[in-house]
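Below: the structure, in structure tokens.
No value in this document is a laboratory result; all are computed from the given coordinates. What you are looking at is a predicted structure, and each value in this text was computed from that prediction instead of being measured. In this analysis, Cβ positions are derived from the backbone assuming ideal geometry, glycine residues included, and neighbour counts consider all displayed protein chains.
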Amino acid sequence: MKRVRLLCIFLTALMVLSLSACGKGKATDSDSKSLKIGKYQLVRKDACIMEDIEGNDAVVLTMDFTNNSKDSSAYFLSITETARQDGMELEPAVIFTDADSLETLLDTQFLDVAPGETLEICSAFVLADSTSEIEISFEELFGGKSGKFTIDPSTLSRESAGNETELAAGGDELAAGENELIEWWNGDWYGWWSMTALWGDSGALDDGWWDICATIDIGEDYTGTITLWDEDFPKSDPLGIVSISLNETGIGEYGTVMSEGGTFMDAAMEHADWIVDPDLADYENMIRIDGSYAQGNDEFYYEIYLRPWGSSWDDVEPQDLPYYYDDWYLPLIEAGMDMPDSIGADAQ
């Protein structure tokens with residue numbers, strides 16, 4: 001069994017922005033207009049149908065989010081949401097409100113809300129059909145309390161998120177921005193990963209720390225793979241090959257990468273097991289992946305820290321440097337070498 005660690009119950013970061021004009025959607029008898037989700041309150045205001053960036057019909061739900069906790073928190077750091085229609089989980093929808101700034105309907109999900117304050121937020125999901133009821137479930141990220149809203153799409157009006165002329169005119173600029181975003185992620189990466197809180201058949205196990213390499217390959221359709229290998233598992237027998245998707249929405253300018261399938265340490269990966277936003281890393285120009293492993297009686301947490309191959313790590317604390325940074329990585333970089341297929345080996 002390959003090594004692993006516990007799961008990154010991060011959050012499914014969607015996009016938000018307040019809607020000024022959205023037709024009221026009909027709630028079913030089993031549905032409430034207000035939900036208490038642990039320390040948070042959701043009040044359903046409006047629902048409508050809009051067209052996403054790929055021309056798909058999407059349901060847009062507008063809500064008031066009230067933070068009744070003792071600390072400031074953003075919606076996407078407090079609540080996880082899942083939408084289903086005919087038993088099928090719906091994909092989040094990307095809907096722009098401004099072609100120049102690339103603002104989306106969901107951007108306000110990332111804004112901090114002070115204790116006792118309320119913020120209007122939106123959620124959007126690509127419809128499977130225009131008639132079947134949609135059930136949107138909400139769960140407190142660190143508490144387990146949950147609730148749901150049910151929406152009948154046949155009762156919803158169709159609305160526009162912004163000026164279609166502006167969006168169409170901004171198409172060429174948007175395509176260029178998308179390519180730059182993909183280019184930032186694609187390529188070779190190097191860093192380290194660790195496992196903590198290990199537990200197996202023989203009881204508690206010691207923590208571990210290894211240097212790690214990765215190759216990210218994302219296509220123009222914003223989907224791709226990340227292949228990872230370390231000191232013990234070369235690229236020919238990698239730690240994992242994980243299917244990923246890239247979303248432009250995130251805290252910063254680099255968007256968010258999310259797992260969609262594949263395997264890591266012989267464990268099957270699923271949608272949103274990994275949610276990777278570079279602006280949540282401890283240092284600039286770095287990505288942090290965290291997650292959990294649970295197979296049989298073996299369980300542990302893991303963290304992966306990566307920077308593009310060739311990057312300097314001079315700005316990080318000594319304890320945050322990869323183990324072979326000075327003796328292996330730097331000599332290869334100074335020699336202008338490409339990333340090898342095994343750690344500790346010379347470049348081919």
Mean separation of Cα contacts under 8 Å (6+ apart) over length of the stretch 249-328, as relative contact order %: 19 percent
task: For D188 and I53, calculate 0.36 nm times their separation in residues minus their Cα-Cα distance, and state this gained length in nm to one decimal.
output: 45.6 nm
- prompt: Can you list the chymotrypsin sites (Phe, Trp or Tyr not before Pro) in the stretch 207-271 that are in a DSSP coil and have 16 or fewer other beta carbons within 10 angstrom?
  reply: none
message: I need the peptides 213-221, 138-146 ranked by packing, meaning the mean over residues of other C-beta atoms within 10 angstrom, with the highest value on top.
response: 213-221, 138-146
field: Label point 7 Å beyond Cα of Y323 along Cβ direction - residues of the stretch 210-252 with amide nitrogen under 11 Å
entry: 210-212, 231-232
- prompt: For labels at K33 and H271 in the simple 7 Å Cα→Cβ model, what's the distance in nm?
  reply: 3.1 nm
task: Could you list the GluC sites (Glu not before Pro) in the stretch 268-346 that lie in coil according to DSSP, counting only those with at most 16 other Cβ atoms within 10 Å of their Cβ?
output: E270, E284
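Contour minus end-to-end for I251 and E89, with contour as 0.36 nm per residue of separation and end-to-end as the Cα-Cα distance? Mind dumping the intermediate values first?
Values: separation 162, 0.36 × 162 = 58.32 nm, distance 2.46 nm.
Between I251 and E89, full extension yields 55.9 nm more.
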message: With the crude spin-label approximation of a point 7 Å out along Cα→Cβ, what separation in nm comes out for W209 versus V43?
response: 5.0 nm
message: What FRET efficiency comes out for T155 versus T223 if R0 is 45 angstrom and r is the Cβ-Cβ distance? Round to the nearest 0.05.
response: 0.85
message: Please compute the modelled spin-label separation between S146 and D64, points set 7 Å along Cα→Cβ, answer in nm with one decimal.
response: 2.7 nm
